[in-house]
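Report on one structure; see the data block that follows.
The values are calculated or read from the model by the stated rules, or taken from the named source; none is laboratory data. All values derive from a computational prediction rather than experimental measurement. Cβ placement follows ideal geometry from the backbone for every residue including glycine, while neighbour counts extend to all protein chains displayed.
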Amino acid sequence: METNATNDLEALLAVFPQAIKNALIQTLADTKKIQAQGDLIEVVLDLGRRPKAYFTHTEVVIAETEIQQADIETIIAQIGKFMGDNRAGIERTLHRISGIRNRQGKIIGLTCRVGRAIYGTIDIIRDLLETGQSILLLGRPGVGKTTLLREAARILAESKRVIVVDTSNEIAGDGDIPHPAIGKARRMQVPRPELQHHVMIEAVENHTPEVIIIDEIGRLEETEAARTIAERGVQLIGTAHGNTLNNLLVNPTLADLVGGIDSVTLSDEEARRRNTQKTVLERRSPPTFDILIEIQDRNTLAVHRDVARAVDGLLRGRLIQPEIRFRDENGDIQISYAPPPPTPGRKSGGQPAGEAGQPRRPRVFRPDEAPLQTLEDLEANLTASPPENTGFQLAPKKVFIYGVNQSRLRQAAFSLQVPLTVVDSLKEAEVCITTKSHYRKHPQPIAGVDEYDIPLYILRTNTSVQMETCLADIFSLGPHEVDPLAVAMRETHEAIRKVLHGSKSAELKPQNASVRRKQHEMARQSNLVSQSMGKDPQRRVKIYRT
């Protein structure tokens, strides 16, 4: 189906001072040959700087004259009131104006984002909407999550009672009358962002909806409210920030949306059957959402039809192949499945097997005898260019582990983007990994490595850095293909979990400024406080409760 977009750009232009308006109109006219008006994303106006217009693929300075405070005040006087999230809008439109304040609370910068109603985009997942199952849309900011929500509200409201919980008036526009883009759906506005979960529950209790639409679930209270709604038999359509299902699993705030993760102690018999330690990670409860859709770009989606099964597969190290939906060159919707990893163009790790009938001693990898990359060593690679080939171009490896933490090994494999599968017996394995302490005891599984003629890797300890170094050797990865940022982010995630589960504070290892900024951002997303301590090169982040 052909899509149809409306952006009501004239209403946004009308709030600008005349000089800026004329300059922007001229910019749109000049760039029309290479950029359609529909590609305009936002206009940025900062005090003392030249105004800029951001398009899909470029940015343009629209005037040489610097922005004055009077220009900002002129715009503020013609739009709605700024609320607790520093957002305002233009009545009966979908445009969003976000403010930047100084320390005295005065607005000194504006981001004027163009809001669009794009009709027809929901056709790519319309069959999933009509199943009545709860759906979570996952994607990075600006990829089109809210646009899909708006269309979902309009389509579902044709046959069901739909309530839109509109936190920042971004779904249905500013003012008391919702934008026609949501069709017959009703809209409940949220007075303050921190009260979003209260309005979600109020919508269920007071207005008997069959469907609830909610944008940007980001707090623990909102995840709990979403679970309550789903368990009351109401279809929930929501969005969250993130790129993949793996992002949610390692996000302590949002993990409950897909069932949550708990450490479980296995019986001796079950641990032996799985060939793992007694403590493993398992899904805590049924997922709040039945279907998860990863929005890769505006025309490509990855669909997990059974979230519970997908989460269980990830926790057990299985390769997950979501359903891929995309629009081809003609605008037609195509559905396929992610292909299995292709044969690599480079060799994998491990020694070649000996000649038939001539057993050889397995290759032994001992980190304490080989040079290791510590976090300090890896930090030097943070600015290195990313590898041209990702791990999914490598041949998958079947690994038998003994005494190795499965969850950490899976996270290490994900960080390096290498296709790893944990198997239950040496007979199926291509590689065996154990720890130094277990190897010294010569248990029966390890003693049988010689018989199957496979490489044996020995870790000094059960740490993520040791595992990543080991996997880099197994898959013959170069030094620039180990992602040190993932190591630091995983450490931050573990620290946040400890604080959320009762610890007063957690202190992270020293990192450079760019990594520390990301660590502070993760703490803020989890409603925790963080601060930097010490001096470089030992400057580090400390996370604690408010």
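Is it the case, given these coordinates, that K498 is within 19 Å of N405 (Cα to Cα), of a type in the set (D, E, K, R) and assigned by TED's automatic domain parsing to the domain that holds K397? Here the answer is no, as K498 does not meet what is asked. Kindly indicate whether Q358 is at pLDDT below 85 and within 28 Å of L249 (Cβ to Cβ). Against the criterion (at pLDDT below 85 and within 28 Å of L249 (Cβ to Cβ)), Q358 does not qualify. Can you confirm whether E59 is more than 29 Å from I295 (Cβ to Cβ) and either surrounded by 15 or more Cβ atoms within 10 Å (Cβ to Cβ) or modelled with pLDDT under 95 (or both)? It is false that E59 is more than 29 Å from I295 (Cβ to Cβ) and either surrounded by 15 or more Cβ atoms within 10 Å (Cβ to Cβ) or modelled with pLDDT under 95 (or both). Condition first: assigned to a loop (DSSP other than H, G, I, E, B), acidic (D, E) and not assigned by TED's automatic domain parsing to the domain that holds Q189. Can you find one or more residues in the range 50-72 that meet it? Taking every residue of the range 50-72 in turn, at least one turns out to be assigned to a loop (DSSP other than H, G, I, E, B), acidic (D, E) and not assigned by TED's automatic domain parsing to the domain that holds Q189.
Listed by first and then second residue, the pairs linking a residue in the range 401-426 that is assigned to a loop (DSSP other than H, G, I, E, B) to a residue that is at pLDDT 85 or above, with Cβ atoms under 6 Å apart and 6 or more places separating them unless they lie on different chains, are G403/T434; G403/T435; V404/I433; V418/L471; V423/K398; V423/F400; V423/A429; L426/F400. The selection criterion, being part of a loop (DSSP other than H, G, I, E, B), hydrophobic (A, V, I, L, M, F, W, C) and closer than 20 Å to A255 by Cα, holds for I320.
Taking the listed residues N330, N247, N251, the one that is surrounded by fewer than 17 Cβ atoms within 10 Å (Cβ to Cβ) and either under 21 Å from L149 (Cβ atoms) or of a type in the set (F, W, Y) (or both) is N247, with no other qualifying.
Screening the range 323-355 for residues that are among the aliphatic types (A, V, I, L, M) and assigned to a loop (DSSP other than H, G, I, E, B) and picking the one that is modelled with the lowest pLDDT gives A353. The condition of being closer than 15 Å to D174 by Cβ, in contact with a Cys (Cβ under 7 Å, 6 or more places away or on another chain) and either surrounded by fewer than 13 Cβ atoms within 10 Å (Cβ to Cβ) or of a type outside the set (D, E) (or both) holds for only one of L94, L12, that being L12.
Evaluate the range 261-279: report whether one residue or more is under 17 Å from the mean Cα position of the chain (by Cα) and surrounded by 18 or more Cβ atoms within 10 Å (Cβ to Cβ).
To start, the set of residues in the range 261-279 that are under 17 Å from the mean Cα position of the chain (by Cα) comprises 261.
This time we only want the ones that are surrounded by 18 or more Cβ atoms within 10 Å (Cβ to Cβ), so: 261.
Scanning the range 261-279 turns up at least one residue that is under 17 Å from the mean Cα position of the chain (by Cα) and surrounded by 18 or more Cβ atoms within 10 Å (Cβ to Cβ).
Among the residues making up the range 141-153, those that are assigned to a helix (DSSP H, G or I) and farther than 18 Å from A226 by Cα are T147, L148, R150, E151.
Consider the range 464-483 and keep the residues that are surrounded by 19 or more Cβ atoms within 10 Å (Cβ to Cβ) and of a type in the set (D, E, K, R). The one that is modelled with the highest pLDDT is E468.
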